[in-house]
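Reviewing the structure listed below.
The values are calculated or read from the model by the stated rules, or taken from the named source; none is laboratory data. Since the structure is predicted, the reported quantities are computational estimates derived from the model, not experimental observations. Using ideal geometry, Cβ is built from the backbone for each residue, glycine included, and neighbour counts are taken over all protein chains shown. The protein model used for the area step is the full one, side chains on, heavy atoms only, and it has no ligands, DNA or RNA in it. Shrake-Rupley method; radii C 1.70, N 1.55, O 1.52, S 1.80 Å.
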Amino acid sequence: MSEFVGIAPLYEEENESDAENGEGCYLDHAGAPIPPKRLISSIFNDLMTASSTNPFGNPHSNKNGKSAIALDTARELILSHFNVTSDDYDVVFTSGSTAAIKLVGEILNLSKLCYPLNVHNSALGLRCYASNVYYCQPSKLEAPYQDRDSDSSPSPDPPPLSPSSDLSYGLLMVPGECNFSGAKADLFTVASLLRDSERPCPHDPLLQSLGAVPLTSPSPGPSPPTRWLWMLDAAKLSASSPLDLSFQSHPFLRPHRPHLVCLSLYKWLGYPTGLGALLVRRDLEPLLLPRRYLGGGTVAAAAADSLFCVPHAGPPHRYLEDGTPHFQAAACLPRCLAFLHSLGGMQAVQSHTHRLTLLLARSMASLRHANNMPLCTLYSPHLTPDPGSPNPNLPSFTAQQQVTSRTITISLLLA
């Protein structure tokens, strides 16, 4: 580990005793980083001080109170972390990325769903919400984006999103980073595919471009044209990679940024758990379905002796967050993000985890049996020395160790 001294010394120093013990070294950064001791100490000191002076209360009891302010502050910090504002996206707090994905199925009327074969299991649950389901090869979304001559001039903005009987909507589910191989989707490639799908075509241009394979029988009879939305599963990607949702480097693709982004916030620093988010692009709001389940906090008024109910108006989080948000966890985010910036930000985390991965992968690849056969097989084509390349790191891999007639599979996830 001496090779990496100076990359993130504060994080390493605080977690050395936890990450390394008599049984081995903790490397599951992709699953959940170890919360730094100093961070946890400062968070709980804040909570103890607040409990004795100005306690956090239920934000539904006082919409201008300390907890409500903490939630709004956390939303702004999350948006700033991805270089966007509340004019671009709204932050809906959930219990994690799985809950965020499930919520998407409940609030959109989807005629089609398409996903690559390396999609997370949680995304497969969306199949029960779509009439037609397709899958495609991950390589279609991972190909590096190629600028075209036509990209130098701005293209007309797509028409506004709105419900229509003459149009149906499909959802392309994109895992930002594969949980198994660490392969990353090229977000500009995906955005360009969505842009090209807006062009008139007798058949579905997106499904054709992806070489999508139907998983269900097509709906009988003629169907209206499909306009595609896309959702970025950034739970793993955002754990160790910078993510700029502003698309500043490719402004002509800005209208085709992800419509939805799901997050699990504990994957950034290991704390707080039980808090995730769904980022909803603001121009998507006209398509959001009224909630069938009206939980506490999502309605302005309701009656028990009649069907009278008035949902909350305003940005999506006002009527999509069932129950009381995890306000104490949200109050921790300023401390967490400040600590992350003290390490050098996500760029430093990416560099650090990438170098650790290279060291481990190369060491494992060099191991040999007595007959000189490789001891381990690494499942990833992305073992590159440059963390800034399109698929820079080997964040996760599986190693097979063959022992006489037995095969032992070891899964190691780094970032």
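Restricted to the stretch 60-72, and to residues that are surrounded by fewer than 18 Cβ atoms within 10 Å (Cβ to Cβ) and not aliphatic (A, V, I, L, M), which residue is nearest to Trp268 (Cα to Cα)?
Among them, the one singled out is Asp72.
Can you work out which of the residues in the stretch 45-59 that are assigned to a helix (DSSP H, G or I) and under 17 Å from Pro334 (Cα atoms) is most open to solvent (accessible area, probe 1.4 Å)?
Applying the filter and picking the extreme gives Met48.
Quick check on my filter: what residues within the stretch 72-91 are within 23 Å of Ser342 (Cα to Cα) and not in a helix (DSSP H, G or I)?
Within the stretch 72-91, Phe82, Asn83, Val84, Thr85 qualify.
Could you grab me the full set of residues in the stretch 76-98 that are open to solvent by less than 20 Å² (accessible area, probe 1.4 Å) and among the charged types (D, E, K, R)?
Answer for the stretch 76-98, where residues must be open to solvent by less than 20 Å² (accessible area, probe 1.4 Å) and among the charged types (D, E, K, R): just Asp90.
Quick one: would you say Pro290 is modelled with pLDDT of 90 or more, out of contact with any helix residue (DSSP H, G or I) (no Cβ under 7 Å at 6 or more places or on another chain) and of a type outside the set (D, E, K, R)?
It is false that Pro290 is modelled with pLDDT of 90 or more, out of contact with any helix residue (DSSP H, G or I) (no Cβ under 7 Å at 6 or more places or on another chain) and of a type outside the set (D, E, K, R).
Looking only at the stretch 92-116, how many residues end up being of a type in the set (Lys, Arg) and outside any helix (DSSP H, G or I)?
1
Checking Ser249 against (1) open to solvent by less than 40 Å² (accessible area, probe 1.4 Å); (2) among the hydroxyl-bearing types (Ser, Thr, Tyr); (3) in a loop (DSSP other than H, G, I, E, B), only one condition comes out false. Which one?
(1)
Exactly one of (1) under 21 Å from the mean Cα position of the chain (by Cα); (2) at pLDDT below 95; (3) within 25 Å of Asp283 (Cα to Cα) is unmet by Pro163. Its number?
The single condition Pro163 does not satisfy is (1).
Restricting attention to the stretch 7-44, and to residues there that are farther than 22 Å from Ser351 by Cβ and open to solvent by less than 80 Å² (accessible area, probe 1.4 Å), which single residue is modelled with the lowest pLDDT?
Ranking the candidates gives Ser17 first.
Would you confirm, using the coordinates I've provided, whether Arg335 is assigned to a helix (DSSP H, G or I) and more than 19 Å from Gly96 (Cα to Cα)?
Judged against the criteria, Arg335 is a match.
Quick check on this structure: which one of Asp244, Asp233, Asp204 is open to solvent by 60 Å² or more (accessible area, probe 1.4 Å) and among the charged types (D, E, K, R)?
Going through Asp244, Asp233, Asp204 in turn, just one is open to solvent by 60 Å² or more (accessible area, probe 1.4 Å) and among the charged types (D, E, K, R): Asp244.
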